[in-house]
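The values are calculated or read from the model by the stated rules, or taken from the named source; none is laboratory data. Predicted model only: the values in this text are computed from it and were never measured. All Cβ positions, even for glycine, are placed from backbone atoms using ideal geometry, and neighbour counts span all protein chains on display. Ligands, DNA and RNA are excluded from the accessible area calculation, which covers all protein heavy atoms including side chains. Shrake-Rupley method; radii C 1.70, N 1.55, O 1.52, S 1.80 Å.
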Amino acid sequence: MTYMRSLYAATALTVFAGAIAQDTQPDMTTIVTEDQADRKNFSEAQQRHTAGDSKRLDRVKALMAEIEREEQADEKEFADLLAEMQRRDAQRLNQIIELLAADKLTSTQDLESAALILQHGSIPEHYLLAHEIGTIAVLKGGTTPLGAYAEDRFLLSIDRKQRFGSQYHEINGQTQLLPLEDTPRTKVTPAFRQRHRIWTPLDTSQHMADPQQDLGEPQGSFTTAEQALALYHDDQLTHPQDLHHAALLLLHSDDPLELLLAHEFSAAALMGGVQQAGPVFARTLDKYLLSIGRPQRYATQEGPAADTPIMPLVRRVLDLDGTQATLERDWTTLQSHLREYPPEAALQDQQILARWVEKNSARLRELAMHFYTAYPREPRRWDAIAALLQRAPAQATEQNEATAQTQQAWLEELHTLHVALERSSDASPKAREQAAAFSVQQALLGAYLSPQDTSIAQIRHDLEQFAERFPQSGNIELLADMHLNLLETHRPDDLESILTELLDSPSRTLRETANGRIERHIRARSEPMQMHFTALDGREVDTAALRGKVVLVEFWATWCKPCIAEIPAIKRLYERYRADGFEVIGIALDEQKDRDRLLELIEEHRIRWPQYFDGKGWDNPYVKRYAIHAVPALFLLDQQSRLVSIHTSSEQLAAEVRGLLDLE
């Protein structure tokens, strides 16, 4: 066909050429010659085209073979990488499980990391463990809702629908949730999703909710599972105690989804601080697993149990053995003991007080050491040791040799515990602060006992370092007072110059303490103390107007039992010597919320001297000016309003008052 088209074209051209050349008429020979030449040219072109096609085909085949080889190499590399990744994933999973089994993962960060890696596991049990560890991480202060994420992954891995909507996939660039459980009675509501600190990837406008906020008061009035579910769907089941109660009610259900909801209730209750929800967390999960034909985790129910061991951390935090409840009881007992005050009889008699202190200290040692040894993985054990350090004596004080040796052995043990606390990795900041304060305190106490061997400069350096390290510590005032008392006792000539130096300290507390000491130990002893205020009963009080009288300024508070115990003695002084020129002024350190209690106590004890009250507590300007760090503090002023002495009890006041009034 190609040949015929070419022949027709050639003929047309010949005719056309002949028409142009009117006088030229080709002969047959010329025509045949031209025809043969054209055929030859066409044949050669056709051969070249065929050869080119063949070469191009060979090149395409070679290129395709190369691409195939590259694709195979890439697939092999990816398969090898995937296999290595899976091998390393399995290795990491085993390592994490070994660490958990050895109880070596306790920090929040480690637990969150472990839960994340466990979610890359290959079996549902890995996701269950991630669910447990993720929940515990939140209990320890974590902010990532790993427990809910892992629960969703577990459910999807066993061909059930997820609960919280945390799992999704991408289709054509669009984010789509994987199947979500939406049964009306048991679905996870948006408010409950926030209680678990989780939001769906389709609604990133939701923010993590703090489970402790806006809890309101416990409902406490529902007694059936139906009532609990009704409150839940009205978003009124928010308080941790109510969630725990609802979980207990739903635990008796046979509906798998209600059991799963009960499990989620108990998790939320745990996150809200309800420690007794731990065993319910385990029981509800076990009952749910059995209800869907899977082995239970904790063996809290009758039926087949998984052979995977429950990690010590899980068992401890969920208190499956009841240990945590015992721990909390022991901790409460210790805290209650630390808040004990001496009885009023002890405050009136130094011998009774000494016996009370001895008995109280022995009991504190017993409780604190029991807590420390019974719960070796509980971080609060160091707070128990810190309480012992706070009340530690400077040296053995008993004259009896055997008793003194026992005391000395205890002091040595305390120092060992102090070193262990300083080196610990899980002590609270407060415990570390107390350990640091103990170091300075012991140096100061040692200086009182052996002043000739003491470097005042070193103690001053240690005090400055402590104040820099713990700028908000209440121990700064205590240690500063001890330091200045040491100077006043053993280096009185250096006191004023060191106080002046402390006025330039970087620590605000040290500056205020130094200024207060200057006020009360230097200015107040050489210049009249100036106080002017309107008393609680409306009287105007001015120490300048009281010149010529002996004045007792009493710093006290209604919450201070020793202060209350001093009231009868001060009343006797007031009533006996007022006519001779003796007056009393009260400076109450109570806060505004205690105003009514202050008025009641004044009336109850028939206190007739004026009281200054501004509701600022320790921020009272006179408390700040004179560096009052403990009450009662009794300032005795002479007839020129100059400070004569400072006392913590009225025991020696009577003699001093008589002397100042020339009544001896």
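When region 540-598 is described by a simple charge dipole with +1 on each Lys and Arg Cβ and -1 on each Asp and Glu Cβ, the residue from ALA544, ILE567, ALA588 located farthest towards its positive end is ILE567.
Across region 651-663, computed HN-Hα scalar couplings (Karplus, 6.51 cos²θ - 1.76 cosθ + 1.60, θ = phi - 60°) run 4, 9, 5, 4, 5, 5, 4, 4, x, 5, 8, 6, 9 Hz from first to last residue, x flagging Gly and Pro.
Dividing the summed helix terms, -39500 (n - 2.57) for each DSSP H run of n ≥ 4, by the number of residues in the chain produces a 222 nm estimate of -19000 deg cm²/dmol to the nearest 500. For region 593-664 versus region 558-591, the inter-centroid distance based on Cα atoms is 6 Å. Peptides 439-447, 36-44, 266-274, 60-68 ranked from most to least packed give 266-274, 439-447, 36-44, 60-68, packing being the mean of other C-beta atoms within 10 angstrom over each peptide's residues.
Entry comment: accessible area of region 552-664 is 45 Å² per residue, from protein heavy atoms only and a probe of 1.4 Å.
Listed values (i) 0.97; (ii) 1.25; (iii) 1.32 include one computed from this model; for Rg/Rh (Cα atoms, Kirkwood Rh) that value carries the label (iii). For the listed residue pairs LYS561/LYS616; LYS140/LYS187; LYS104/LYS287; LYS359/LYS561; LYS571/LYS616; LYS161/LYS287, the alpha carbons are over 23 angstrom apart in LYS140/LYS187; LYS104/LYS287; LYS571/LYS616.
Ligands, DNA and RNA are left out, and with a 1.4 angstrom probe the accessible area of region 281-431 is 56 Å² per residue. Heavy-atom accessible surface of region 77-201, averaged per residue, reaches 49 Å², computed with a 1.4 Å probe.
Between the alpha-carbon centers of region 32-64 and region 492-528, tell me the distance in whole angstrom. After rounding, the separation between the Cα centres reads 111 Å.
Helix 561-577 axis versus longest C-alpha principal axis of the chain: approximately 30°, rounded to the nearest ten. This model, with +1 at the C-beta of Lys and Arg and -1 at the C-beta of Asp and Glu, gives region 82-200 a dipole about its Cα centre of some 360 debye. Taking a Cβ cut-off of under 12 Å around ARG380, the surrounding Lys, Arg, Asp and Glu residues balance to a net charge of -2, with basic ones at +1 and acidic ones at -1. Rolling a 1.4 angstrom probe over the chain with all protein chains present gives an accessible area of which 50% lies on carbon and sulfur atoms. Helix 492-502 and the long axis of the chain differ in direction by around 30°, with both axes built from C-alpha atoms. Pairs of Cα atoms nearer than 8 Å and 6+ residues apart set the relative contact order; for region 550-660 it is 36 percent. Look at where the Cα atoms of region 312-372 and of region 118-176 average out, and the two centres are 42 Å apart.
In the chain, the longest principal axis of the Cα atoms and the axis of helix 240-250 are about 60 degrees apart.
The relative contact order of the chain, computed from alpha carbon pairs under 8 Å that lie at least 6 residues apart in sequence, is 6 percent.
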